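Participant: Following this message is one structure expressed as structure tokens.
The values are calculated or read from the model by the stated rules, or taken from the named source; none is laboratory data. Only a predicted model underlies this, so the values are computations on that prediction, with no experimental measurement involved. Heads up, the Cβs are rebuilt from the backbone with ideal geometry, glycines too, and the neighbour counts pull from every protein chain shown. In case anyone asks, the SASA skips ligands and DNA or RNA and just uses the protein heavy atoms, side chains included. Shrake-Rupley method; radii C 1.70, N 1.55, O 1.52, S 1.80 Å.
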Amino acid sequence: MEEVMRPWGPPWREDRRNRRFRSRHWARPGAGVVAGFFHVIGANNAADEGAVFRPITRWVDVLLLAGPIALVWRKRFPVAVFAIAAAASIGFATFAAPRWSYAVAPAIALFNLARMGRPWPAAIGGAVSYVAYFAICWAFADRLGVPAGARPGLREAVLLAVAMIVLIFLGGASKVRSEHMAEMMKIRAERERAKKEQERRQASEERLRMARELHDVLGHHLSLINVQAGVGLHLMDKQPEQAREALTAIKTASAEALREVRAVLDVMRAENESAPRQPALGLNRLEELTADAGLPITTKITGDERPLPPEVDRAAYRIVQEALTNVRKHAGPGATASIAVDYLPTALHLAIRNEGPDAAETGTDPGEGTGIAGMRERAQSLGGSVEAGPVDGGFLVSVLLPTPDDGSLS
């Protein structure tokens with residue numbers, strides 16, 4: 001990827017666009033401060049010991065501090081910084097005894113060059129500086145007037161070569177490690193993002209499930225309350241005893257609705273709260289559902305009854321509940337219903353049928369709703385299907401819900 005070039009400027013200059021210092025142009029000054037400390041202190045100690053063969057003047061200080069100051073720009077211009085630091089140290093080495101203390105800046109610059117992914121410039125630069133140092137201070141020392149005490153020997157040649165190789169190797173290893181750490185951080189961030197996305201998706205699915213549960217609960221019981229309230233109003237004056245039965249049914253239905261709403265909302269309670277005391281919704285409560293339906297219902301169960309997965313059992317209950325709600329809404333007076341539950345080897349089949357005059361024939365507004373769509377969506381979420389339509393003298397809802405093998409129910 002092509003690097004975006006930014007206007008050059010000193011590190012202390014503030015960027016007018018974002019009011020921040022140009023941190024991308026320069027590195028932290030800590031390495032330069034350390035290198036400058038070693039250069040100055042090492043040169044002063046060598047001068048006190050007579051290992052510097054020229055007075056330390058301002059120009060000598062410039063040679064000592066040129067490399068450490070240049071390190072501030074080692075990120076922006078790594079090759080140029082190494083060249084400046086190496087040239088300054090070689091210049092000081094022409095009149096000082098060979099010591100490592102005034103080679104700290106070029107060593108840091110060489111390590112940085114390799115760490116930035118430039119092994120060949122680092123190797124070539126190190127080789128050129130090595131040859132230049134020994135050419136000036138050893139091969140042409142007599143012609144250039146280099147003092148005898150400043151000339152390196154075999155020991156210095158070997159140590160300097162080994163030091164350069166080690167610095168280049170460590171710089172490359174540091175780059176590999178930093179890239180590995182960056183990749184690990186990227187993978188970790190991606191996993192965290194995927195985990196949060198999964199949690200959000202699960203929360204959304206849970207909210208949809210709760211909305212469907214509340215729709216089924218409220219639709220069923222409010223429909224029953226509406227029917228019974230109409231019956232009670234109609235019979236209030238003529239047949240008060242039957243009106244009393246209708247009001248009793250309304251009370252029972254409203255209490256059941258409140259209880260089921262609480263059961264649905266209990267999933268939002270904190271972990272340290274007590275568990276719900278109501279039994280889970282399922283076909284084991286089918287008798288209660290039909291008893292409070294407000295119309296004659298016959299139930300037939302075939303096949304070998306067995307425990308169903310909770311989600312299948314709950315879906316079957318809700319589908320039957322919604323189907324009975326639709327019967328009360330859209331069937332005319334005198335309608336009856338039948339429920340057939342068939343336990344197949346690998347599935348559960350439900351058939352809810354009503355018989356009687358259609359609501360349109362009796363002048364009753366059938367209304368608009370999403371009952372069939374809700375049942376179909378609930379069944380499809382479990383891999384099942386719903387077929388609904390008119391039949392001779394009524395309406396049939398046929399549901400097929402797959403059930404796992406008994407081994408997967410544990």
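Participant: Using a Förster radius of 35 Å, what is the FRET efficiency between Q380 and H180 based on their Cβ-Cβ separation? Nearest 0.05, please.
Facilitator: Numbers: r = 46 Å, r/R0 = 1.31.
It comes to 0.15.
Participant: Something else now. Among V162, L144, A211, whose Cα projects farthest towards the positive end of the dipole of segment 131-215, with charges put on the beta-carbon of Lys, Arg (+1) and Asp, Glu (-1)?
Facilitator: A211
Participant: In segment 108-194, if every C-alpha pair distance is counted and binned at 5 Å from zero, what percent goes to each bin?
Facilitator: 3, 13, 17, 15, 12, 11, 9, 6, 4, 3, 3, 2, 1, 1, 0
Participant: Label points 7 Å out from Cα along the Cβ direction at A173 and R76: separation in nm?
Facilitator: Rounded to a tenth, the inter-label distance reads 3.2 nm.
Participant: Hey, another quick one. Distance check, please: which entries in K75/K195; K300/K329; K238/K300 exceed 31 angstrom between their Cα atoms? Numbers along the way, then the final one.
Facilitator: On the way: K75/K195 36 Å; K300/K329 23 Å; K238/K300 37 Å.
Cα-Cα > 31 Å for K75/K195; K238/K300; rest within.
Participant: Let me ask something else about it. Give, as a single signed number, the net charge of other residues whose beta carbon lies under 12 Å from the beta carbon of I168, with Lys and Arg counted +1 and Asp and Glu -1.
Facilitator: Details: positive: R115, R118, K175; negative: none.
With Lys, Arg at +1 and Asp, Glu at -1, the neighbours total +3.
Participant: Turning to a different aspect of this structure: Tell me the label-point distance for the pair E311, T248, using the 7 Å Cα-to-Cβ offset, in nm and rounded to one decimal.
Facilitator: Label-label distance for E311 and T248, simple model: 4.2 nm.
Participant: How many percent of the accessible area of segment 118-176 is carbon or sulfur, using a 1.4 Å probe?
Facilitator: Values: 2840 of 3700 Å².
For segment 118-176, the apolar C and S fraction of the accessible surface comes to 77 percent.
Participant: Could I ask something else about it? Which semi-axes, in whole Å and largest first, does the equivalent ellipsoid of segment 44-94 have when worked out from the alpha carbon gyration tensor as the square roots of 5 times its eigenvalues?
Facilitator: Values: eigenvalues 120, 18, 14 Å².
So the equivalent ellipsoid measures 25, 10, 8 Å along its semi-axes.
Participant: For D48 and R285 in the same chain, what is the full-extension length gain: residue separation times 0.36 nm, less their Cα-Cα distance, in nm? Provide the component values of the computation, followed by the final result.
Facilitator: Values: separation 237, 0.36 × 237 = 85.32 nm, distance 10.00 nm.
Computed gain between D48 and R285 is 75.3 nm.
Participant: Let me ask something else. How would segment 309-350 be classified by its alpha-carbon gyration tensor: rounded, prolate or oblate, with rounded meaning a/c under 1.5 and the a/b versus b/c comparison settling the rest?
Facilitator: On the way: a/c = 4.76, a/b = 2.03, b/c = 2.34.
Oblate, since a/c reaches 1.5 and b/c is not below a/b.
Participant: Evaluate the relative contact order of segment 63-157 (contact order divided by residue number), counting alpha-carbon pairs under 8 angstrom at least 6 apart; express in whole percent.
Facilitator: On the way: 100 pairs, mean separation 28.9, N = 95.
Once divided by the residue count of segment 63-157, the mean separation gives 30 percent.
Participant: Net charge near T94, counting Lys/Arg +1 and Asp/Glu -1 over other residues with Cβ under 13 Å of its Cβ? Before the final figure, lay out each step's value.
Facilitator: On the way: positive: R54, R143, R151; negative: D142.
It works out to a net charge of +2.
Participant: Let me ask another. Hey, with R₀ at 60 Å, roughly what FRET efficiency would A189 and D142 work out to, going by the Cβ-Cβ distance, to 0.05?
Facilitator: Numbers: r = 62 Å, r/R0 = 1.04.
The pair A189/D142 has a calculated efficiency of 0.45.
Participant: Let me see the P(r) profile for segment 15-151: every Cα-Cα distance counted, bins of 10 Å, each bin given as a percent of all pairs.
Facilitator: 13, 39, 31, 13, 3, 1
Participant: On to the next question. Which FRET efficiency value, to the nearest 0.05, do you get for D342 and I41 by plugging their Cβ-Cβ distance into 1/(1 + (r/R0)^6) with R0 = 60 Å?
Facilitator: Values: r = 94 Å, r/R0 = 1.57.
So, using R0 = 60 Å, E works out to roughly 0.05.
Participant: Here is a further query. Probe 1.4 Å, all protein chains in place: accessible area of F37 in Å², nearest 10?
Facilitator: Spelled out: F37, probe radius 1.4 Å, area about 120 Å².
Participant: A further question on this structure: Enter the accessible area per residue of segment 66-206 (Å², integer; probe 1.4 Å; all protein chains in place). If you can, show how the numbers build up before the last one.
Facilitator: Working: 8360 Å² over 141 residues.
Per residue, segment 66-206 has an accessible area of 59 Å².
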